[in-house]
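**Q** Can you read through this structure? Questions will come right after.
Any read-out appearing in this document is the output of simple, stated calculations on the displayed coordinates, not a laboratory observation. Keep in mind the model is a prediction, meaning the values are calculated, not measured. Cβ placement follows ideal geometry from the backbone for every residue including glycine, while neighbour counts extend to all protein chains displayed.
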Amino acid sequence: MNEKVLNSHTLADISASVTTPDYDRSRIKTGIVHLGIGAFHRAHQAWYTEQVLEDGSDWGIVAASLRSPTVRDQLAPQNYLYSLVEKSNDGEKVRVIGCVQDVYVAPESPRALLDAMTQEGIRVVSLTITEKGYCHHPSSGELNLQHPDIQHDLANPQAPKSALGFIVYALRERMQKGLPGFTLLSCDNLPSNGNVLQRVLFQFADQLEPEFAAWVRENTRCPCTMVDRIVPATTDSDRDALEKLLGVRDNAAVMAEPFSQWVVEDNFLRGRPAWEKAGATFVDDVEVYELIKLRLLNGCHSLLAYSGYLAGFETVADVMQEPAFAALAERFLADEASAAVEAPADFDLAAYRGQLLERFANRALKHRTWQIAMDGSQKIPQRWLGTLRHQLQNGGSIELLCLALACWIRYVSAEDDAGKPIEVSDPLAQELKALCDANAGNPRELAAAFLGFAPVFGEDLQKNEALQQALAAQLELLAKQGVLNTVRMQMK
Ligand code: CS2
């Protein structure tokens, strides 16, 4: 491993084929606090913000990690510089990004993060905290007041744990200091993500003083956004390969596909960077774009992740190499997911589907099926169940949705087709496994038990006899012949 790391001093030495910041980093002013500095943020919002800085803006980002110090420990020795590598079947393009100015690790010093969020210059607080970070009930969208982090935060205003706790107490301090509020920009894969955030924010604020709860309603905005870019977790071999190109080590590099999309509701309290200069689209209503993206891209992603993982495929591109699975993706998108969305007149849904299949087949990206399979209980309602309800109401096909659900149920039983244990990462993993164990060997009971599991399925779906039968039939096929044969048979 190279002793030299990427930083302000070594920046000048790296290969000329790499794009580097062409603006004076010392003139950046911090306008954004970003909560959740994972790979996605660094490859998406930060990349848009970087391009606008190149265009003369002065909006910079201070970010926070709400859990582990890893990203801060990678970025701090690099003066917060990192590379974004765009990978496609045709090669790669590298850009060093300089818009991140500092990274806080919330558990180490919650006070420091609250101080950052109560600076007058902060006008936007953005979030990529994943679905479970909102501490809501996935099937209803209500704040889960019993959530341990929320309980903790209600009792500890000076040292919150959840993103929501930080936001609420930072806002309260701003009110007390006579400072203005800020815009909250959710960049997570939830339908109407801004509305979900606003709802849990107001519900949390309602637990505090009424005067503050009213202030929050006046002094915040929560625009909705649709975010899209496939960003797999970076591996050591990615870092090693990049080191050969850069000539220095970059421990904070992120890998992404070339495609990127960001549709944002133009509803900001005190301004925003001109992200449209970097290709973001500002619209009055994001919902239709969110639904298309969640139900097609993410819905199909989860289908490929569970079915592909069970069949022994490591990455999404590997799954797409198997013709029966490529056909499954195509048919799921065309016959079921597309039926449940109403695309705007100028939106070519067939072209969008074709592009998705190509993106999934990008062999340069090593996007693990296991990574996408994480947190299914938090993802499935918006990825599959909206489509399922639509199809049930309209007499549309539900076969592939049931196959998807059956694969997920097999997956959370924590054993794959070959009898190998699966490391299931999901906040409800225990409950889900218990449902599988209690109904093992009985597809009909298993289907009923899952459809009756209200945190994911709500109250309505368990009453649908046809759905229960269709799901039981898929579970039975999987149990008898395994996922590979089931998919091959159904795609004949
Ligand atoms: C994926 C998403 O991990 C997952 O659940 O489906 O992260 C997906 O790659 C992005 O939403 C693409 O924009």
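**Q** Rounded to two decimals, what ratio of Rg to Rh does region 12-123 give with C-alpha atoms and a Kirkwood Rh?
**A** Details: Rg = 14.4 Å, Rh = 14.7 Å.
Checking Rg against Rh, the ratio lands at 0.98.
**Q** Pairs of alpha-carbon atoms within less than 8 angstrom and 6+ residues apart define the contacts here; what relative contact order does the chain have, in percent? Please report the intermediate quantities before stating the final value.
**A** Details: 871 pairs, mean separation 71.1, N = 492.
That works out to 14 percent.
**Q** Name the residues whose placed amide hydrogens come within less than 5 Å of the amide hydrogen of V105, ignoring near sequence neighbours (fewer than 5 apart) on the same chain.
**A** Under 5 Å from the amide H of V105: S65.
**Q** Taking amide H positions as placed in the peptide plane 1.01 Å from N, state which residues far from V283 in sequence (5 or more) or on other chains have amide H under 5 Å from it.
**A** V264, E265, D266
**Q** Students often check this: by mean Cβ neighbours within 10 Å, which of 435-448, 331-344, 413-426 ranks highest, and how do the rest follow?
**A** Details: 435-448: 16.4, 331-344: 19.0, 413-426: 13.8.
Those peptides, ordered most packed to least, come out 331-344, 435-448, 413-426.
**Q** Just to check I understand the Karplus step: with θ = phi - 60° and J = 6.51 cos²θ - 1.76 cosθ + 1.60, what whole-Hz values come out for region 363-369, glycine and proline as x?
**A** 6, 6, 8, 9, 8, 6, 4
**Q** Report ³J(HN,Hα) in whole Hz for each residue of region 127-138, in order, from the Karplus equation J = 6.51 cos²θ - 1.76 cosθ + 1.60 where θ = phi - 60°; Gly and Pro get x.
**A** 9, 10, 10, 6, 3, 6, x, 7, 6, 10, 7, x
**Q** Tell me the label-point distance for the pair R111, Q321, using the 7 Å Cα-to-Cβ offset, in nm and rounded to one decimal.
**A** Result: 5.5 nm between the two label points.
**Q** How far is helix 349-360 tilted, in degrees, relative to the longest principal axis of the Cα atoms in the chain, given as a value from 0 to 90 rounded to the nearest 10?
**A** The angle comes out at about 80 degrees.
**Q** Put one equal scatterer on each alpha carbon of region 222-288, apply the Debye formula with no solvent term, and list log10 I(q)/I(0) at q = 0.25 1/Å to two decimals.
**A** Here the Debye-derived log intensity ratios amount to -1.03.
**Q** About its Cα centre, what dipole magnitude does the chain give when the only charges are +1 on Lys and Arg Cβ and -1 on Asp and Glu Cβ, stated in debye to the nearest 20? Walk me through the numbers before you get to the answer.
**A** Details: 46 positive and 64 negative charges, 72 e Å.
Rounded to the nearest 20 debye, it is 340 debye.
**Q** How large is the convex hull of the Cα atoms of region 395-486 per residue, expressed in Å³ as a whole number?
**A** Numbers: hull volume 8.7 nm³, N = 92.
Enclosed volume per residue, from the Cα hull, is 94 Å³.
**Q** I'd like the orientation of helix 299-310 relative to the chain: the angle between its Cα long axis and the longest Cα principal axis, in ° from 0 to 90, rounded to 10.
**A** 70
**Q** With contacts defined as alpha carbon pairs under 8 Å and 6 or more residues apart, what's the relative contact order of region 96-212 in percent? Mind showing how you got there, number by number?
**A** Working: 123 pairs, mean separation 36.5, N = 117.
Relative contact order of region 96-212: 31 percent.
**Q** Short version: what are the Cα gyration tensor semi-axes of region 276-325, square root of 5 times each eigenvalue, largest first, in whole Å? Before the final figure, lay out the partial values.
**A** Values: eigenvalues 192, 32, 12 Å².
Those come to 31, 13, 8 Å.
**Q** With a Förster radius of 60 Å, plug the Cβ-Cβ distance of Q371 and E211 into 1/(1 + (r/R0)^6) and report the FRET value to the nearest 0.05.
**A** Working: r = 44 Å, r/R0 = 0.73.
After rounding, the FRET efficiency stands at 0.85.
**Q** Any idea what the relative contact order of region 147-253 is, in percent, if you count C-alpha pairs under 8 Å spaced at least 6 apart? Please report the intermediate quantities before stating the final value.
**A** Numbers: 97 pairs, mean separation 24.1, N = 107.
RCO, region 147-253: 23 percent.
**Q** Could I ask something else about it? Translational diffusion coefficient, Stokes-Einstein: compute it for region 328-463 using the Kirkwood radius over C-alpha pairs as Rh, at 25 °C and 0.890 mPa s, and state it as an integer in µm² s⁻¹.
**A** Details: Rh = 16.5 Å.
Diffusion coefficient, whole number: 149 µm²/s.
**Q** Among the lysines, which fall within straight-line cross-link reach of K293, defined as a Cα-Cα distance under 24 Å, with same-chain neighbours fewer than 8 residues apart omitted?
**A** Output for K293: K87, K132, K277, K366, K379.
**Q** Follow-up question, since we're still on this one. Scan around F313 for amide H atoms under 5 Å from its own, H built in the peptide plane at 1.01 Å from N, and keep only partners 5 or more places away or cross-chain.
**A** Answer set, sorted by chain and number: none.
**Q** I need the chymotrypsin sites (Phe, Trp or Tyr not before Pro) found in region 339-440, filtered to DSSP loop residues with at most 13 other beta carbons within 10 Å of theirs. Walk me through the intermediate numbers first.
**A** Working: sites: F347, Y352, F360, W370, W384, W408, Y411; in loops: F347.
Sites meeting the loop and neighbour criteria: F347.
**Q** Calculate, axis by axis, the spread of Cα positions in region 61-134 along the three principal axes, and write the results as whole Å, longest axis first.
**A** Extents along the principal axes: 46, 30, 25 Å.
**Q** Using only Cα atoms, find the angle between the long axis of helix 45-54 and the longest principal axis of the chain, and express it within 0 to 90 degrees, rounded to the nearest 10.
**A** So the inclination is approximately 40 degrees.
**Q** Return P(r) of region 155-198 (all Cα-Cα pairs; 10 Å bins starting at 0; whole %; ordered from short to long distances).
**A** Using 10 Å bins, I get a P(r) of 25, 45, 27, 2 for region 155-198.
**Q** Evaluate the Kirkwood expression for the hydrodynamic radius of the chain, namely the inverse of the mean inverse distance over all pairs of different C-alpha atoms, and round to one decimal in Å. Kindly include the intermediate steps, with their values, before the conclusion.
**A** Numbers: mean 1/r = 0.0424 Å⁻¹.
After inverting the pairwise mean of 1/r, the radius is 23.6 Å.
**Q** Turning to a different aspect of this structure: Quick check: convex hull over the Cα atoms of region 129-181, volume per residue in Å³, rounded to an integer? Don't skip to the end; give the middle numbers.
**A** Details: hull volume 4.4 nm³, N = 53.
Output value, Cα hull per residue: 84 Å³.
**Q** For S17 and R444, what does the FRET efficiency come to when R0 = 35 Å and r is the distance between their Cβ atoms, rounded to the nearest 0.05?
**A** On the way: r = 60 Å, r/R0 = 1.70.
So, using R0 = 35 Å, E works out to roughly 0.05.
**Q** Give me a comma-separated list of calculated 3J(HN,Hα) values for region 222-230, in order, Karplus coefficients 6.51, -1.76, 1.60 applied at θ = phi - 60°, integers in Hz, x for any Gly or Pro.
**A** My calculation for region 222-230 gives 10, x, 8, 9, 10, 10, 8, 6, 7 Hz in order.
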